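Novice: Please read through the structure below; I'll follow up with questions.
The values are calculated or read from the model by the stated rules, or taken from the named source; none is laboratory data. Given the structure is predicted, the values throughout are model-derived calculations rather than measurements. With ideal geometry, Cβ positions are generated from the backbone for all residues, glycine too; neighbour counts draw on all protein chains shown.
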Amino acid sequence: MASDMIRIKTFISVNYIAGSTREDVIEVPREEWEAMTEDEQQARLDGIAEAILANSVEVSAYVDEDEG
């Protein structure tokens, strides 16, 4: 029998830090998932991946001008 939940596995790793891999599982109700089109499902997966990245990594860029 199928579960009432869809299990979405997430993965993030920083290639320059040893042991920085992290995996988690997010559950979505099967009824909700199956009501989505394939495009909506992919958009949901993309949104989850973007949220994992945003919550796990800080990044910035700036112009470094000497004051001399």
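Novice: Does residue 27 satisfy the criteria of being surrounded by 12 or more Cβ atoms within 10 Å (Cβ to Cβ) and either in a loop (DSSP other than H, G, I, E, B) or under 18 Å from the mean Cα position of the chain (by Cα) (or both)?
Specialist: Numbers: surrounded by 12 or more Cβ atoms within 10 Å (Cβ to Cβ): yes; either in a loop (DSSP other than H, G, I, E, B) or under 18 Å from the mean Cα position of the chain (by Cα) (or both): yes.
Yes; evaluated as a whole, the condition is true for this residue.
Novice: Of the numbered conditions (1) modelled with pLDDT of 90 or more; (2) of a type in the set (A, V, I, L, M); (3) assigned to a loop (DSSP other than H, G, I, E, B), residue 2 fails exactly one; give the number of that condition.
Specialist: (1)
Novice: Any idea how many residues of the stretch 38-56 are under 16 Å from residue 22 (Cβ atoms) and surrounded by 10 or more Cβ atoms within 10 Å (Cβ to Cβ)?
Specialist: Applying the first criterion (under 16 Å from residue 22 (Cβ atoms)) to the stretch 38-56 yields 48-56.
If we keep only those that are surrounded by 10 or more Cβ atoms within 10 Å (Cβ to Cβ) too, we end up with 48-54, 56.
Residues flagged as under 16 Å from residue 22 (Cβ atoms) and surrounded by 10 or more Cβ atoms within 10 Å (Cβ to Cβ) within the stretch 38-56 amount to 8.
Novice: Moving on to the next point. Taking interchain pairs and intrachain pairs at least six residues apart, which have beta carbon atoms under 7 angstrom, with the first residue in the stretch 12-33 and under 20 Å from residue 44 (Cα atoms) and in contact (Cβ under 8 Å) with a residue 12 or more places away in the chain and the second loosely packed, with under 11 Cβ neighbours inside 10 Å and of a type in the set (Phe, Trp, Tyr)?
Specialist: 23/11
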